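The values are calculated or read from the model by the stated rules, or taken from the named source; none is laboratory data. Since this is a predicted model, take the numbers as computed values, not measurements. Counting neighbours? That spans all protein chains shown, and the Cβs are built from the backbone with ideal geometry, glycine included. When the accessible area is computed, the model is the full protein with side chains, heavy atoms only, and any ligands, DNA or RNA have been set aside. Shrake-Rupley method; radii C 1.70, N 1.55, O 1.52, S 1.80 Å.
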Amino acid sequence: MSKERIKIAPEFFDIMPPEYQDLVTRATYGNESRGWKDIGTSKELIEEHSLCAGCPESMAFRYILASLPNPEDTVMVGSTGCTSLVFPHVAVHNIHSLFGNQNAVASGLKRALTVRFPGRIKDVVVLAGDGATVDIGLDMTLQAWFRQEKFTTICFDNELYANTGGQESGLMQKGFVAKMAPVGKTFEKVRLPEIARESGCHYVVNCTVSKPSLVEKVIKNAVYVAREIGPTYLQLYTPCILEIGKNSMEGLQEMRDSEKPTERFAYKEYISEPAKQLLAEIAAKEKERKAAAKQLTSQEA
Amino acid sequence: MTNQYRVLPGPEHFLPPAAASMGIRLPNPGEAHIHGVIVPEEQALEEAARQFLMAKVPTIFPGPLVLWAWNEKAAKKATAIRHLYETIKECVTPQQQAMLIPMPDYRPKYPKINPEVEINPNHPNLTIWHNKIDCCMFVGVHCHQANLSLKIIRGGTSCYTIAMCAQAGHEDAMLSFRDASAEKIMRLAEWVRKLKGTVKVSQVVSKSGASN
């Protein structure tokens, strides 16, 4: 569907800056099987980013934008934090909300889109840091889940307030000393995935972004479940290498170390019964689609 | 009270007042304004054509509402705008350089925009200074972004601004049409053709770098 709507007027194609020409000719809008493997062969929906060199959040952004199943009909809602520095470079509709209000804004947006475009799938995805999700915006986060709002909440968990110099956040691990939290965290990391499950989220995952195929899978699942059933929540570890004293090359290893079975970002998943059923149906359809495509290819050959 | 304020080429000063706050009002259908004075539309079409032909670097800035073919009306306007640009190019002397520079979207661009190939509403002066644009027309730009840009341009450059607005017009442009349509843009092109050879190119160069 999508590329029919995202096109440059032919009279102006020659004067458009090349990144826009690339977007309409080489991006993966409308490609049902789009995913992280398109990175490097297609135009990405993120142009440049203003994050630090080697920042795992930039990896997460690229994987997420490559994995959204319906980017041309998706609106992302962001909040204050490192993530908000990236949104101006993203070719997906997005709203920057007041700090912490992201889930309230997304609730209204999703409802309005449902009324305004009854025949069209419109996905809403909240993407905010741990300060916005768990501290300042916890009320809005939880109330949206209680109300069973049909959108996905993604928390980029870097375990502190990174772009303001390293203050303590609710998702910081106990005992951690940050530049602007010299005493060290005195209480445990808030267990938001468990809270999300108890608050009515139908699909909850806690993981790192070290494996792009895994990020793709959980993003797609979260969006599909939110579309049909109810709220979903992903907590992705995107460590701030500057604030934990690592250099640019060490972000990936930090994530690998933190996802070991006994660590705080060991893969954790909760799926409600209706969501399990939905995902099974989607998997079956996908299998059928791939088989049909394979058959078609072999016939053509 | 007589309104003395006129919307004239700048640089006015760092923060020019919104023309509306100085008593400039928008035209009614069938009218336009020149420097804040309401005039019949035909007179404004003639004046806009004259300004294009007088300028050393007459430029059209098409915005997202016409750059993207999102409906039939937009597609028709795109054709008309390209025709206007080609007409201006054809009608100016070899010393003049007509330009067509897009404003593809409104995002602040980091680390910087390329002023040779695009204009951004948050710092339109960069594109105007870089290309020494002395007359420009906004078309297909959402009103709030056009207002912002027109004020910045009036504040910091000597560029003559024309707004081909699809709504009620812009007080902050030096010349503004309202209810823009493909037909109106074609009429402007006709006026450019009609005045070809009758207008002398401006020689004045202002302190801001753009001539006027």
Wholly within the stretch B:68-160, helices (runs of 4 or more DSSP H) carrying at least 1 residues that are over 30 Å from A:Ser50 (Cα atoms)
B:72-91, B:143-156
B:Trp129 fails exactly one of (1) in contact (Cβ under 8 Å) with a residue 24 or more places away in the chain; (2) more than 13 Å from the chain's Cα centre (by Cα); (3) under 13 Å from B:Thr59 (Cα atoms); (4) buried (at least 19 other Cβ atoms within 10 Å of the Cβ), namely (4)
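Here is a yes/no grid of residues against (1) away from every other protein chain (no Cβ under 14 Å); (2) open to solvent by less than 20 Å² (accessible area, probe 1.4 Å):
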residue: A:Ile6; (1), (2): no, no
residue: A:Leu51; (1), (2): no, no
residue: A:Pro56; (1), (2): yes, yes
residue: A:Tyr63; (1), (2): yes, no
residue: A:Pro69; (1), (2): yes, no
Could you tell me which of the residues B:Thr93, B:Thr79, B:Thr59, B:Thr87 is at pLDDT 95 or above and touching a Cys at 6+ places or on another chain (Cβ under 6 Å)?
B:Thr59
Give me the residue from the stretch A:71-81 that is of a type in the set (A, V, I, L, M, F, W, C) and surrounded by 23 or more Cβ atoms within 10 Å (Cβ to Cβ) and, out of that set, nearest to the other protein chains (Cβ to nearest Cβ).
A:Met76
Count of the stretch A:166-194 residues which are touching a residue at least 12 places away in the same chain (Cβ under 8 Å) and open to solvent by less than 20 Å² (accessible area, probe 1.4 Å):
10
I'd like the residue in the stretch A:20-35 that is touching a strand residue (DSSP E or B) at 6+ places or on another chain (Cβ under 8 Å) and more than 17 Å from A:Glu216 (Cβ to Cβ) and, out of all such residues, is most open to solvent (accessible area, probe 1.4 Å).
A:Arg26
In the stretch A:76-115, which residues are among the polar types (S, T, N, Q) and either within 14 Å of A:Ala128 (Cβ to Cβ) or in contact (Cβ under 8 Å) with a residue 40 or more places away in the chain (or both)?
A:Ser79, A:Thr80, A:Thr83, A:Ser84, A:Asn94, A:Ser97, A:Asn101, A:Gln102, A:Asn103, A:Ser107
Contacts under 7 angstrom Cβ, first residue in the stretch B:9-32 being closer than 19 Å to B:Tyr160 by Cα, partner open to solvent by less than 80 Å² (accessible area, probe 1.4 Å) and acidic (Asp, Glu), 6 or more apart
B:Ala18/B:Asp172; B:Ala19/B:Glu171; B:Ala19/B:Asp172; B:Ala20/B:Glu171; B:Ile24/B:Glu171; B:Leu26/B:Glu171; B:Ala32/B:Glu41
In the stretch B:37-52, how many are out of contact with any strand residue (DSSP E or B) (no Cβ under 8 Å at 6 or more places or on another chain) and open to solvent by 10 Å² or more (accessible area, probe 1.4 Å)?
4
When you look at A:Lys260, is it within 22 Å of A:Ala178 (Cβ to Cβ) and open to solvent by 60 Å² or more (accessible area, probe 1.4 Å), yes or no?
no
Restricting the first residue to the stretch A:5-34 and requiring it to be on the phi < 0 side of the Ramachandran plot and in a helix (DSSP H, G or I), which pairs with a second residue that is open to solvent by less than 60 Å² (accessible area, probe 1.4 Å) and among the polar types (S, T, N, Q) meet a Cβ separation below 7 Å and a spacing of at least six or different chains?
A:Phe13/A:Gln21; A:Arg26/A:Ser42
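Per-residue answers, yes or no, for (1) among the acidic types (Asp, Glu); (2) farther than 13 Å from B:Met137 by Cα; (3) facing another protein chain (nearest Cβ under 10 Å):
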position: B:Leu45; (1), (2), (3): no, no, no
position: B:Ala49; (1), (2), (3): no, no, no
position: B:Phe52; (1), (2), (3): no, no, no
position: B:Thr59; (1), (2), (3): no, no, no
position: B:Leu67; (1), (2), (3): no, yes, yes
position: B:Trp70; (1), (2), (3): no, yes, yes
position: B:Ile81; (1), (2), (3): no, no, yes
position: B:Ile88; (1), (2), (3): no, no, no
position: B:Pro94; (1), (2), (3): no, yes, no
A:Asn221: buried (at least 22 other Cβ atoms within 10 Å of the Cβ), within 22 Å of A:Pro274 (Cβ to Cβ) and either modelled with pLDDT under 95 or touching a Pro at 6+ places or on another chain (Cβ under 7 Å) (or both), yes or no?
no
The condition of being within 13 Å of chain A (Cβ to nearest Cβ) and buried (at least 18 other Cβ atoms within 10 Å of the Cβ) holds, among B:Pro104, B:Pro124, B:Pro111, only for B:Pro104
So, first residue over 15 Å from A:Leu171 (Cβ atoms) in the stretch A:258-273, second residue part of a helix (DSSP H, G or I) and of a type in the set (A, V, I, L, M), Cβ within less than 9 Å, six or more apart or across chains; the pairs are A:Tyr267/A:Leu214; A:Glu269/A:Val218; A:Tyr270/A:Ala196; A:Ile271/A:Val225; A:Ile271/A:Leu279; A:Ser272/A:Val225
